[in-house]
Every structure is written in structure tokens, then in C-alpha cells.
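A short worksheet on the structure shown next.
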Amino acid sequence: MKKFRPQPGFVVQAYRFALDPNAAQEHALRSHCGAARAAYNWAVGWVTASWWQRRAEESYGIPADRLTEWRPWSLPALRKEFNQAKKTDPRFAAWWEENSKEAYNTGLANASAAFDNYAKSKNGKRKGARIGAPRFKPKRKARLSCRFTTGTIRLDAGGRHVTLPRLGTIRVHEPTAKLLHRVQAGRARILSATVRHERGRWLVAFQVETARDIRRVARPDVAVGIDLGIKTLAVMADSAGEIRTVPNPRHLNSALKRLRRASRTVSRRRGPDRRTGRKPSCRWEKANAQRNRVHHRVANLRADALHKLTTSVAGEYGTVVIEDL
């Protein structure tokens with residue numbers, strides 16, 4: 001393997017692959033993502049505790065110079081406090097050693113960024129709509145995600161496995177040869193890896209510093225205007241006088257028959273009831289997973305169609321104009 005030497009033409013981009021973990025590896029993945037959520041909630045509670053304490057002291061008429069000090073939310077400060085709390089806090093003391101330190105660092109980094117964005121938005125230093133204060137992430141709705149920046153992060157030589165810290169070697173659903181060849185040739189360097197659960201699959205995204213070849217567009221002097229629609233996916237008119245209509249693939253319409261059949265099967269099973277606390281049956285969970293696969297397939301087909309359209313437009317025209325809704 002050649003030594004990586006970054007050059008001025010190198011850029012940072014992501015390579016994403018689907019994973020095929022076994023039962024033990026999936027349990028470890030969920031544990032790491034849960035640890036990241038737990039660390040995030042701890043950071044939110046630790047920082048906001050000083051806010052509520054100061055508010056209570058102000059209601060009793062305590063002067064400003066005698067109020068409880070603000071707790072910092074920088075990543076080093078959160079990491080220092082969490083390393084002390086995890087060994088004594090009953091929420092972490094029994095199981096924090098089971099996961100990589102990168103899992104907890106992920107939650108602390110996300111909390112620090114959330115507080116920074118909130119402070120900048122409140123002070124008018126951040127564009128866009130006002131952002132509220134960070135809130136706790138519930139277990140039922142939180143997105144499963146964890147980022148690794150240190151430790152063993154590599155692609156195996158065979159091109160069908162990846163190795164991550166504490167998780168070990170996991171098989172990938174698709175070959176990693178495109179990225180592996182760049183790494184072996186010294187034209188790419190892996191900076192970090194992020195695992196997440198999305199649309200029923202576990203995915204790993206590598207942040208890579210790599211060389212990008214400059215690609216010239218086919219018609220650099222031609223500008224195109226794109227009008228997005230519903231009946232048609234897009235109508236494109238360029239400065240050369242050509243008008244092209246891109247039909248809407250209508251992936252959902254083609255999947256409605258399978259979706260109705262899967263929904264009827266789910267309705268015949270004993271599902272969950274939050275009012276009474278009833279848990280779903282195993283047959284309901286199996287049928288619901290089958291229905292979700294139909295939804296996931298439609299979402300993937302839609303994303304694939306959009307990627308192909310944008311790639312073809314970017315590779316053909318020098319100027320692209322899109323309506324701002």
C-alpha cells in the first residue's frame with residue numbers, strides 16, 4: 001500500500017455502503033447508538049440544570065453576582081465532566097465499558113453543536129429560522145447513529161468486509177472495491193466512519209480525503225432552466241432552444257397493490273396500544289416489517305431517480321437555473 005500524500009487537488013467526500021451484520025453485531029451496533037443517545041441526553045440535562053437553577057434563584061430575589069455559574073457546553077468541558085460522571089452515575093456505571101468511547105463522544109459532540117447553534121440563533125449570528133434549546137432524545141424516535149474518528153477503521157483486502165472499533169469485522173452488502181483501490185494506491189485516506197440505521201438497513205459512511213478528477217461538462221456554454229412538477233418530474237428548457245420533459249416514474253403507484261396487501265395483513269394482527277400498554281405480537285412485527293420494506297423500496301427508487309437526473313444535468317450544462325419556491 002502506497003503512503004498517502006495529500007495534494008492541493010484533494011477534497012473530502014463520503015462513500016456509503018450497506019452492511020450485513022449478524023445478530024451479535026447488530027446488537028452491538030444498537031448498543032453503540034444507544035450509548036450516543038444516552039451521552040447526548042446526559043449533556044443536555046447537565047447543562048440545562050444550571051439554567052433552571054439560576055431561574056429558581058432569580059425568583060427568590062438572589063442578586064446576579066451570587067447566582068449559580070453557567071455550565072460550559074464546549075466539547076472538552078462536556079467530555080471532562082462525563083468521564084467523571086460515567087463511573088458513579090447509576091445510568092452509566094453498570095454498562096458504559098461495553099461500548100467504544102467514540103459512541104459517547106458522538107453524543108457529546110452533537111450536544112455541544114446543538115448548544116452552539118442555539119446560542120448563535122438566539123444572538124442573531126445564525127441565519128434562518130430561530131432554533132430552540134436542545135431537548136432530550138426519546139428512545140422511540142431517536143435516529144440510530146454513531147461516529148468513529150479514532151481506532152481501527154479500515155477496508156479489508158477482499159473488498160467485502162469493513163473493520164470498525166469495538167465492533168470488529170462486519171460484512172458489507174456491496175463491494176468496496178472503488179474506495180479500496182484508491183486507498184491502496186495512496187490516492188485516498190479515511191478520516192472517519194459513521195454507522196446509522198436508515199430505511200431498515202445498517203449503513204456505514206466513510207469520510208475520505210481523496211483526489212477528484214476534473215470533469216468537463218458536455219455543453220459548458222449552454223444554460224438550462226428546470227421547472228419541477230407533479231405529473232412530470234421536470235421540464236427542462238435550455239438556451240439552445242431545446243425543450244425536454246422528464247416523466248414522473250410514479251414508483252408509489254406501481255407499489256400500491258403490494259402495499260395494500262401488506263397493510264391488510266398488518267391490520268389482522270394484534271398491534272401495539274399505547275393507551276393500554278399492550279405490546280405487539282410477533283406476527284404483527286413480522287408483517288409490519290414486510291410493509292416497511294415496501295415503503296423503503298419506494299423511497300430508494302425515488303432517491304435513485306433524482307440522483308440520476310441531477311447527475312445527467314450537472315454533466316451536460318454549464319449553467320443550471322431552478323425555480324425558488
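The values are calculated or read from the model by the stated rules, or taken from the named source; none is laboratory data. None of the values given here were measured: they were computed from a predicted structure. We place every Cβ from the backbone using ideal geometry, glycine too, and count neighbours over all the protein chains shown.
Report, by residue number, each residue of the stretch 113-139 that is under 17 Å from the mean Cα position of the chain (by Cα) and closer than 27 Å to LEU191 by Cβ.
Applying the first criterion (under 17 Å from the mean Cα position of the chain (by Cα)) to the stretch 113-139 yields 113-114, 137-139.
Result: ALA113, ALA114, LYS137.
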Test set (1) more than 21 Å from the chain's Cα centre (by Cα); (2) surrounded by 12 or more Cβ atoms within 10 Å (Cβ to Cβ); (3) part of a helix (DSSP H, G or I) - GLN25 fails condition number:
(1)
Filtered residue count, the stretch 126-178, keeping only those that are free of Cβ contacts under 8 Å to residues at least 12 places away in the same chain and among the β-branched types (Val, Ile, Thr):
1
Going through the stretch 182-196 one residue at a time, which ones are surrounded by 13 or more Cβ atoms within 10 Å (Cβ to Cβ) and either in contact with a Leu (Cβ under 7 Å, 6 or more places away or on another chain) or not in a strand (DSSP E or B) (or both)?
ARG182, VAL183, GLN184, GLY186, ARG187, ALA188, ALA193, VAL195, ARG196
For VAL222, are the conditions met, namely being of a type outside the set (Lys, Arg), in contact with a strand residue (DSSP E or B) (Cβ under 7 Å, 6 or more places away or on another chain) and at pLDDT 95 or above?
no
